[in-house]
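Q: Sending over a structure as structure tokens; questions will come in a sec.
The values are calculated or read from the model by the stated rules, or taken from the named source; none is laboratory data. This is a predicted model, so every value here is computed, not measured. Here the Cβ positions follow ideal geometry from the backbone for every residue, glycine too, while neighbour counts run over all protein chains shown. Side chains included, ligands, DNA and RNA excluded: accessible areas come from the protein's heavy atoms. Shrake-Rupley method; radii C 1.70, N 1.55, O 1.52, S 1.80 Å.
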Amino acid sequence: MNKQIIFFDGDGTLWYPKTTKRKKAPDWLYAKYPKPKDYLKHLVLTPSILTVLKKLKKRGIIVVALSTHPHSRQEADIRMQGRIKHLKLGKIFDEIYTARPYIWGKGKVMLSILRKKKIPKSKALLVGDSYIYDYRSAKTAGIECLLITTPYTKYPARGKKPINTITNLKQLLDLIRVA
């Protein structure tokens, strides 16, 4: 894969609730603890994510955090910035965005960013853990997606399953070449 920009999903990809050990979808945390001061203490970084992000940046790849969020755009951005700050990822990412919780949400944001930066879709990649919000959103926008398979990954009953999958983030480094 020859990429210039890589978008990373937040929940389940960059971080997850430590009590689940990545065996359960992370969204339950926000229902149980709706206030940031209550849920932030439960989040931990996904193993090897810092190493992966730093190596990608050394290769000159733009890294962007992009997370689907059900709140208003302003509230979503505040909460996302809070997670990034809490997990000490602020200096790693070139940019940080949130998307609406629709199948086309992340795709729409990614296309906007690519237009602004004048980067072709073929040089972009989304790394995520959700078939609907990551894989389908990227595919709908014509952007490649690498899906992390987890015990909670759900695929459609019918149709093709994603062929671009990894089981851990270190595998990403073996697949990426600099654009």
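Q: Does LYS118 qualify as being open to solvent by 60 Å² or more (accessible area, probe 1.4 Å), under 16 Å from VAL63 (Cα atoms), over 12 Å from the mean Cα position of the chain (by Cα) and among the charged types (D, E, K, R)?
A: Working: open to solvent by 60 Å² or more (accessible area, probe 1.4 Å): yes; under 16 Å from VAL63 (Cα atoms): yes; over 12 Å from the mean Cα position of the chain (by Cα): yes; among the charged types (D, E, K, R): yes.
Yes.
Q: If you don't mind, another one. What do you reckon, is TYR131 under 19 Å from PRO162 (Cβ atoms) and either touching a Leu at 6+ places or on another chain (Cβ under 6 Å) or modelled with pLDDT of 95 or more (or both)?
A: The answer is no for TYR131.
Q: Still on this model: Return only the number of the condition from (1) out of contact with any Ser or Thr (no Cβ under 7 Å at 6 or more places or on another chain); (2) closer than 19 Å to VAL52 by Cβ that ASP129 does not satisfy.
A: Here ASP129 meets the rest and fails (1).
Q: Sticking with this structure for a sec: Which ranges mark the helices (runs of 4 or more DSSP H) fully within the range 1-113 that have 2 or more residues being open to solvent by 70 Å² or more (accessible area, probe 1.4 Å) and of a type outside the set (Gly, Ala, Ser)?
A: It comes to 49-58, 73-86.
Q: When the residues of the range 121-145 are filtered to those that are part of a loop (DSSP other than H, G, I, E, B) and farther than 12 Å from LEU111 by Cα, which remaining residue is least open to solvent (accessible area, probe 1.4 Å)?
A: Among those that are part of a loop (DSSP other than H, G, I, E, B) and farther than 12 Å from LEU111 by Cα, it is ASP129.
Q: Separate question: How many residues are under 23 Å from LEU111 (Cβ atoms), open to solvent by 70 Å² or more (accessible area, probe 1.4 Å) and at pLDDT 80 or above if we restrict to the range 146-179?
A: Summing the residues that are under 23 Å from LEU111 (Cβ atoms), open to solvent by 70 Å² or more (accessible area, probe 1.4 Å) and at pLDDT 80 or above in the range 146-179 gives 0.
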